[in-house]
1. How much length would be gained if the chain were fully extended between B:ARG246 and B:THR392, taking 0.36 nm per residue of separation minus their Cα-Cα distance, in nm to one decimal?
2. May I ask which residue of B:LEU280, B:LEU316, B:SER300 lies farthest towards the positive end of the charge dipole of chain B, with charges of +1 (Lys, Arg) and -1 (Asp, Glu) on Cβ and the Cα centre as origin?
3. Using R₀ = 41 Å, calculate the FRET efficiency as 1/(1 + (r/R₀)^6) where r is the Cβ-Cβ separation of B:ASP323 and A:LYS145; round to 0.05.
4. Determine the sum of side-chain charges near A:GLY52: Lys and Arg each +1, Asp and Glu each -1, restricted to other residues whose C-beta is under 15 angstrom from that of A:GLY52.
5. Could you pull out every one of the lysines with an alpha carbon less than 20 Å from that of B:LYS257, ignoring same-chain neighbours closer than 8 positions?
6. Under a plain spin-label model, where a point goes 7 Å from the Cα along Cα-to-Cβ, how far apart in nm are B:HIS414 and B:ALA239?
7. Classify the range B:162-203: rounded, prolate or oblate, from the alpha-carbon gyration tensor (a ≥ b ≥ c, eigenvalue square roots; a/c under 1.5 rounded; otherwise prolate if a/b is larger than b/c)?
8. Straight-line reach from B:LYS145: which lysines have a Cα under 21 Å away, not including same-chain ones fewer than 8 places off?
2 protein chains.
Amino acid sequence: MTPELSQLFEFLRFPSISTDSRHKGDVRACAEWLDAKLTGMGLTSTIHETAGHPIVVARNQHVEGKLNLMIYGHYDVQPVDPVELWASPPFEPEIRDGKIYARGATDNKGQMFAHVLGVEKALADGELPVNLTLLFEGEEEIGSKNLTPFLEAHREELACDVIAVSDTGMVGPGIPTMGYGLRGITCGEVIVTGPSSDLHSGVYGGSVMNPVTAVARIVASLHDADEKVAIDGFYSDVAPLEDWEREAWSKVPFGEKEYLAETGAPASVGEAGYTVAERLWGRPTAEVNGIGGGYQGEGSKTVIAREAMAKLSFRLVPGQDPDDILDKVEAHVMANAPKGVDVKFVRGHSGEPYLNDPHSDYGKAAQASLATTFGKEPVLIREGGSIPIINTFKTILGADSLMLGLAVPGCKIHAPNESFNVENFEAGIELNQELIRRLGALGKKS
Amino acid sequence: MTPELSQLFEFLRFPSISTDSRHKGDVRACAEWLDAKLTGMGLTSTIHETAGHPIVVARNQHVEGKLNLMIYGHYDVQPVDPVELWASPPFEPEIRDGKIYARGATDNKGQMFAHVLGVEKALADGELPVNLTLLFEGEEEIGSKNLTPFLEAHREELACDVIAVSDTGMVGPGIPTMGYGLRGITCGEVIVTGPSSDLHSGVYGGSVMNPVTAVARIVASLHDADEKVAIDGFYSDVAPLEDWEREAWSKVPFGEKEYLAETGAPASVGEAGYTVAERLWGRPTAEVNGIGGGYQGEGSKTVIAREAMAKLSFRLVPGQDPDDILDKVEAHVMANAPKGVDVKFVRGHSGEPYLNDPHSDYGKAAQASLATTFGKEPVLIREGGSIPIINTFKTILGADSLMLGLAVPGCKIHAPNESFNVENFEAGIELNQELIRRLGALGKKS
């Protein structure tokens, strides 16, 4: 085993499960190990206490005129349940068929440790050509709630020109991928109430609006026959996909077939006029994340439920404003509320969409680094999901994020038997050296 | 307190909860008390063992040429939970404001004991003019599962011309009510499966059919804009309401206002072209009794569920065949299954609708008895619910049932603070004397 892998294994052995208070000590021990590693590399590392788990920040000696690069990652991991489904113990890393199996192997210890080792190798070549700040938190898996106040409190010290984040995915093994956008999100819940208590569906059925029927009709009204979102004005402010994006995405080897293999869905279904990639990365959606009402147990119970609900979420793309969309959703829900029930719409949380210019100097440097590392031109994608911290970085630090994900489809983050390809770990180390070199060559812009 | 009430109180004090095995002894003690009472009245009473709780059968001396009348009731009761909501202990009957409060007060001990005391009074006048069989079971609240084989095994002995049952309701206090029909029922479950596991709604949303959306669309497709059932052929075999029924029901003081007060629903909604009473008693329905899929907990979880389900039931009216309706429902569900998910329809249990002729000699005798007892003409209704045992009597014994319910709206059967109006108990005793007299006068038809 290489020294790099053996250090990663040490890192992976900490059961740094941030959501479980029984592992509070393990999370701290992991932060201390990381701090020691970074200090040992010649960086100035500090463990910052928060109301929750610590944040580790390490820097080289910053010098006027050099570009300020921040690298972000997280050392906390998801729980391991159901642990009996793991082929090997989640905190005893093991390599099988070229993959490292462990909780956190991909998300995010493997990817973030490739950053660390890339920096270490770059340092071995002498002084870094960038002012580097490594920011590693221990609460990403529980919503990064102490990171935002930390960024606000350390705004000056953390000022940077650009941020590198490896916490996303590659479209396929060996295909270098740079993300330059994320969808936003907004959520709400439809609550339908009808009779004052559950009613016998024989004695009362046929003369009262059934709250479950009502919620089903509201959910069914969200899309038209072309699977477009049927909410008035939903698409009004959507920034159309640019020609270069549609062209670039059409070459990405991610289509119907890959999609079905990955999801297990019987067929791909989505907004008419768009490819799978376009639907996922560049178009907004309306989804129902949960529905419930009446009897859900075994067999039958002939009731008309007094209440039913549906949880809705909407993925947003650049141009769309979460509050405006929630207004439109609420108006739609109310307009589609059947007579004979009371319908309430409860607004939930939101996150803005994110988009940067992949053809900026930073973006070009990142793409060149990916090309050198993987030996082929990277593909440019947006992510379908939302990574709130990327927006927070933009808002508080004013810096864009280069999303240089190394996760491959099937790596099972958050699930049993999470793995990370050894070759991606090694590529990640090289990628980080390349990135520091190329960004350093750009120098300070302002 | 009258001797009649004091005997009813004794009967009500048995916690004869059939579903709870801890009360097995109480159920038996109640049957023995009943048997002793019937024997004491001069009837030949027998406790018949079953695989569950006993059936008590009592008869007078049967004589050739007299009409055979069966009276059916049940001495078992529902559980009392949540017991803390009772204003007085459920098995310590108490009279407040002219109502007897106790579990079983209306359902069915109060109503059935009015039968018993009516028979006792009739016996006091001399030999009964009918061949009487009293059939009281202890398992009605748990599905009467041992009664069907008992009826089959004692078909000859239980042969009768007509059956009287007081286990339904009056449309309002003081309004004598005779039921002559029941809706049937058929059930099924729609199960929708999509991706092989729950998917992240950001990463995958927009390109896969959401099983929750799919089940909502299927449920929403069950009715048209007029709230008619939109299943092809659903109404083909429905026996239309007869003119006399529509006319009679239009005079029943049960409409929009009473309905809303009783259900707490914000408005009455149902099939266009029919009154509330017609929708409830004479028209078939499609209801969804439960729906579920995805995340139903607090807050939000941005998943696309792998599976969703809806439990459907259909109330049927004369002319409709449960199996035929299930075929049509299944065809409709399949025809409305969105692309990109697998939809399965699982057929559930069924019960035939029931209808007798309220203008038969028996029906007329029952109505005359109601009119004499309550001092006004009875209203003729059908019941919206299903009472399977009424169909079983028809099938096995070939006899129709006169449904002479004494329950009033708000009597809270199956719920805390069940009550029975003292005046209905007393009226019930008189009603039974009248019924025996009038049916006796008809004599044996065949």
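Values quoted throughout were computed directly from the atomic coordinates according to the rules given, and no laboratory measurement underlies them. Everything numeric in this text was worked out from a predicted model, so none of it was measured. Virtual Cβ from ideal backbone geometry, glycine too; neighbours counted across all protein chains shown.
1. Details: separation 146, 0.36 × 146 = 52.56 nm, distance 2.78 nm.
Separation in residues times 0.36 nm, less the Cα-Cα distance, equals 49.8 nm.
2. About the Cα centre, the residue reaching furthest to the positive side is B:SER300.
3. Values: r = 57 Å, r/R0 = 1.40.
The pair B:ASP323/A:LYS145 has a calculated efficiency of 0.10.
4. Values: positive: A:ARG22, A:LYS24, A:ARG28, A:LYS145; negative: A:ASP20, A:ASP26, A:GLU49, A:ASP76, A:GLU137, A:GLU139, A:GLU140, A:GLU141.
Charge balance in the 15 Å sphere: -4.
5. In chain and number order, the partners are A:LYS339, B:LYS412.
6. Each label point lies 7 Å from its Cα, and together they span 2.6 nm.
7. Numbers: a/c = 6.97, a/b = 3.28, b/c = 2.13.
It comes out prolate by the Cα gyration axes.
8. Within reach: A:LYS301, B:LYS24, B:LYS109, B:LYS394.
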